[in-house]
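Asks: The following block contains the structure, expressed as structure tokens.
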Amino acid sequence: MVKLYQRKSNFIYEMTPTPPPKKKESELETKADGETASDSDNKPDSGVPDVPPSVDDTPEVFNKALSNLSSRWKNWWVRGILTLAMISFFFLIIYLGPLVLMMIVMCVQIKCFHEIITIGYNVYRSYDLPWFRTLSWYFLLCVNYFFYGETVTDYFFTLVQREEPLRILSKYHRFISFTLYLTGFCMFVLSLVKKQYRLQFYMFGWTHVTLLIVVTQSHLIIHNLFEGMIWFIVPISCVICNDIMAYMFGFFFGRTPLIKLSPKKTWEGFIGGFFATVVFGLLLAYVMSGYRYFVCPVEFNNDTNRFMVDCIPSELFQLQDYGIPSVLQAFIGWKTVQMYPFQIHSIALSTFASLIGPFGGFFASGFKRAFKIKDFANTIPGHGGIMDRFDCQYLMATFVNVYIASFIRGPNPSKLIQQFLALRPDQQLFIFNTLKTHLLEKGVLVASDDEA
Amino acid sequence: KETDVEDKVGLEGDGDQDSKRDSDISELTTSVDSTPKVLNKALSGLSSRWKNWWIRGILSLTMISFFFLIIYLGPIVLMLVVMGVQIKCFYEIITIGYRVYHSYDLPWFRTLSWYFLLCVNYFFYGETVADYFVALVQREEPIQFLIRYHRFISFALYLTGFCMFVLSLVKKHYRLQFYMFGWSHVTLLIVVTQSHLVIQNLFEGMIWFIVPISIVICNDIMAYLFGFFFGRTPLIKLSPKKTWEGFIGGFFSTVVFGFIFAYLLAQYKYFVCPVEYSSETNSFAVDCDPSELFQLQEYSVPLGLQAVLRWKTVKLYPFQIHSIAMSTFGSLIGPFGGFFASGFKRAFKIKDFADTIPGHGGIMDRFDCQYLMATFVHVYIASFIRGPNPSKVLQQLLVLQPDKQLAIYNTLKSYLTEKGILQPAGPEY
């Protein structure tokens, strides 16, 4: 085992498994922190040990099976097997349905939050602020309550209207959420201890930025999911594919480094990954658009009290003829091609995943370098923590949500009706008449049907 | 030497040693006596304690007069002033961040901070403009395009800033840059969202802007006066000058003040009407029929008070009841915003946020109790007062697909006919 440690010099920064005495830590740590002039990387690496070194926690069974191979190939195999395991798990939960997906997203969110907060504790060595752990989890709960309440009100409208307590909770939802948050805020202020103000403010800021990043992303993912499972699967698959393809292209053809932050990334990998992902996205979109299970918005059926995905696919998911530009015509020999309009959108999604998505990864790399950690945690052998797998996904979820809101989906009709019912009668009449005029103009409504 | 001391302050978990740090307060703040010369001359006779008192008093009166002036000038000026205050507050907090982290030498980062401020403001103002200026917006083509793809454009702008940040990460300054990134974002979260909520409250009716701010100011002043004359028991270790007597006295006097002030303001249409943009005159108009919230109603006095006041009923505006809720919040929870800011100042060892106002400190010092108030009023209005915005509902209706519009139209028709709001007239088929 010791041999393993010494060989993989990039795995841990220190040679001895025991943490050095605290005095040395603080000396080196302080030098590493506030100084602008020298965040000296060539200086030890032994300044790191306050963060737990990564232990080789590959399961025993793997170790036995792979004990013969050299460590480099062993690493490759471990990563490969875990990748396949994660992808299979992904397919499994898609099969299990929307409800399971939502719960998985929720768990991933909680785990990511936990990982980042733990890093914050390690960086600031603030284990001894017990109030603060409680407060961080409390804020997580508040923000989740707020977001889930907004979602539930939109999508479960009928269910909510039936049950009295739910109706009250939904009507005063914002007020209740705000009160809960305020309680946390006041507890924070009351918990400020004389010698630890700065630490506490740091942790407060750290928690809020983490909430901003992690929780909003996970809720946008769930919004996308409700739009249709295809809007959940295709973006995530594009990012995963881009990761793998960029790695492959880089492995085989990589020569020119891409960015100083991540020395292993190369331009060849980046560009190769881009083209491969676009092609993959087109194919995957084609395959998935044929099934209602993926294409229909997730709805809550009041009668069966369950989620169902059954509908008439919108025109986005119906085959249409597209004329091929004459240049390609000579090449391919077809005049027109039948595609789903969704595939055009998938090109946009793939492009974003390949070109901008990696910036999320660079951000996470910079973060890890800034705080001198190799991985966010050690949850997945060979890959690191959950955050390591999801760092490129952040921007993707927001992009898909904004994309849908801007280009695809209109407003939600049931929500509009709900808002309408809350208006005053004269306002309702005004809107009704305006709508009528609009419909008459458009010819949707025929004048003879309805004379006022 | 700076960095040595600063580093120890930066990271130690157990020793925020106050005694050591007084020596470097001078690095972090410029406690220069910036009182204008004219005041200095006039008050040169008095002792320094009274001089301080007079300066604070005069500046308070000046600020209050300025407040009345901008109210008189109207909604547009108010919006501009709110915008100006927001920018100044943001600047103050970011400057503190620079000092704390000694990150003057990251020129990219100043640009990026201001860029993010611009992005977030663009996003929020776009959402507001779309709601309230529907008529104006429908007319102009380019604006319509901007409105339709507003979220996408805002997101693209933000992403550009994000990518610039990632590309600007310099090898030896990673940690600093991440700190400043987090600092900017938390500041944006606090300052910019608050200022936009203030503006949304303003559009609801200027009274929803004036009364909460006045309540917080009154609570500040009253708590100070009560503390000055009767103060004995300290309230919280964070702010040793605050006392329980000041707190409770401030609470009761603020409730009374809010009650009376609401009564005074509720009579004038100028304050009470929602601010609307009139497409004909191309300016803001405050003219309407006051809602029932601002019409006198009879309330029966509880028996206990009847004996005291010898009135059976009293005429009040319903708004005054709401003003009690706002005063209560402003007096009991508002101060926590002040404690938060005090804790922040102690944590980063600064006396004031800046020296903009002589005797008072920076703009942030004056506005620290207002943070929570603006959000509270906004949430209060959304939950208890205002329904959805009709023009927004209409705008969304018009964007739907024709078949969906027809479905909604029929649903609405049957609903309105049931309620009797719509009279079924004309030939039935």
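Asks: Residues with amide H under 5 Å of B:Gln297's amide H, sequence separation 5 or more or different chain, H placed in the peptide plane at 1.01 Å from N; which?
Replies: Sorted by chain and number, the residues that satisfy this are B:Leu316, B:Tyr317.
Asks: Which peptide among B:56-66, B:148-158 comes first, and what is the full order, when sorted by highest mean count of other Cβ atoms within 10 Å?
Replies: Listed from highest to lowest mean packing, they are B:148-158, B:56-66.
Asks: Here's a follow-up. Using each residue's phi in the stretch B:199-210, evaluate 6.51 cos²θ - 1.76 cosθ + 1.60 at θ = phi - 60° and report the 3J(HN,Hα) Karplus result to the nearest Hz, with x for Gly and Pro.
Replies: For the stretch B:199-210, the Karplus-derived couplings read 5, 5, 4, 4, 5, 5, x, 4, 5, 6, 9, 6 Hz, x marking Gly and Pro.
Asks: Also: Measure up A:Lys194/B:Lys241; A:Lys264/B:Lys172; A:Lys171/B:Lys237; A:Lys195/B:Lys241 against 27 Å on the Cα-Cα distance and list the ones that go over.
Replies: A:Lys171/B:Lys237
Asks: Order these peptides, A:329-340, B:318-329, by their mean beta-carbon neighbour count within 10 angstrom, highest first.
Replies: Top of the packing list down: B:318-329, A:329-340.
Asks: Which far-off residues, 5 or more places away or on another chain, put their amide H under 5 Å from the one on A:Lys265, with H placed in the peptide plane?
Replies: A:Leu258, A:Ile259
Asks: Over the whole of A:356-366, what's the average partner chain Cβ count within 10 Å per residue? Rounded to a whole number, please.
Replies: Mean shielding by partner chains, rounded to a whole number: 4.
Asks: Can I ask one more? Skipping prolines and chain starts, which residues have an amide H placed within reach, meaning under 5 Å, of the one on B:Cys369, given they are 5 or more residues away or on another chain?
Replies: none
Only the coordinates and a few stated rules stand behind these numbers; no lab work does. Because the structure is a prediction, the values reported are computed rather than measured. Backbone-built Cβ (ideal geometry, glycine too); neighbour counts: all protein chains shown.
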